[in-house]
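For reference, the structure discussed in these notes is given below.
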Amino acid sequence: RSLQNCTDKIRQKLGQDSSLHARLKFDCGHEGVIFVDALAQPHVVDNQDRQADCTVSLSLDDLCALLTGELNPVSGFMSGKLKVAG
């Protein structure tokens, strides 16, 4: 479980042409960020900390669990494991 693995998984899941039409940031605190620019064509997924339309703050472990289906997004939000701003 690493930031690079999560970045690659998000890039793969998003593809080059999605219906997201927004900029999204996953903020894992001191472990880094994953920035998704789905307004750009092709989409950009990298680890640059930039302004986003929506920021999801969570631990890297919880992000990995979210991406593998081990963490349900609704229960993660309700239990405070992930916070959404924007």
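The values are calculated or read from the model by the stated rules, or taken from the named source; none is laboratory data. What you see is a predicted model, and the numbers here were worked out from it, not measured in a lab. Please note: Cβ atoms are built from the backbone with ideal geometry, for glycine as well, and neighbour counts cover all protein chains shown. Ligands, DNA and RNA are excluded from the accessible area calculation, which covers all protein heavy atoms including side chains. Shrake-Rupley method; radii C 1.70, N 1.55, O 1.52, S 1.80 Å.
Charge dipole of the stretch 8-60 (Cα centre as origin; +1 on each Lys and Arg Cβ, -1 on each Asp and Glu Cβ, all else neutral): 100 debye, rounded to the nearest 20. Residue-wise HN-Hα couplings along the stretch 4-18, as the Karplus relation 6.51 cos²θ - 1.76 cosθ + 1.60 with θ = phi - 60° gives them from phi, are 5, 4, 5, 4, 5, 5, 5, 4, 5, 5, 6, x, 9, 8, 10 Hz; Gly and Pro carry x. You can think of it this way: the chain between Gln16 and Ala40 has 7.7 nm of extra reach, that is 0.36 nm per residue less the Cα-Cα gap. Here the chain exposes an accessible surface that is 51 percent carbon and sulfur, computed with a 1.4 Å probe and the other protein chains kept in place. Residues in the stretch 51-65 carry Karplus couplings, in order, of 5, 10, 6, 9, 10, 10, 9, 6, 6, 4, 4, 5, 5, 4, 5 Hz; the curve used is 6.51 cos²θ - 1.76 cosθ + 1.60 with θ = phi - 60°, and Gly or Pro positions show x.
Kirkwood radius, the chain, all distinct C-alpha pairs, inverse of mean reciprocal distance: 12.9 Å.
Here the stretch 51-82 and the stretch 1-39 have alpha carbon centers that stand 12 Å from each other.
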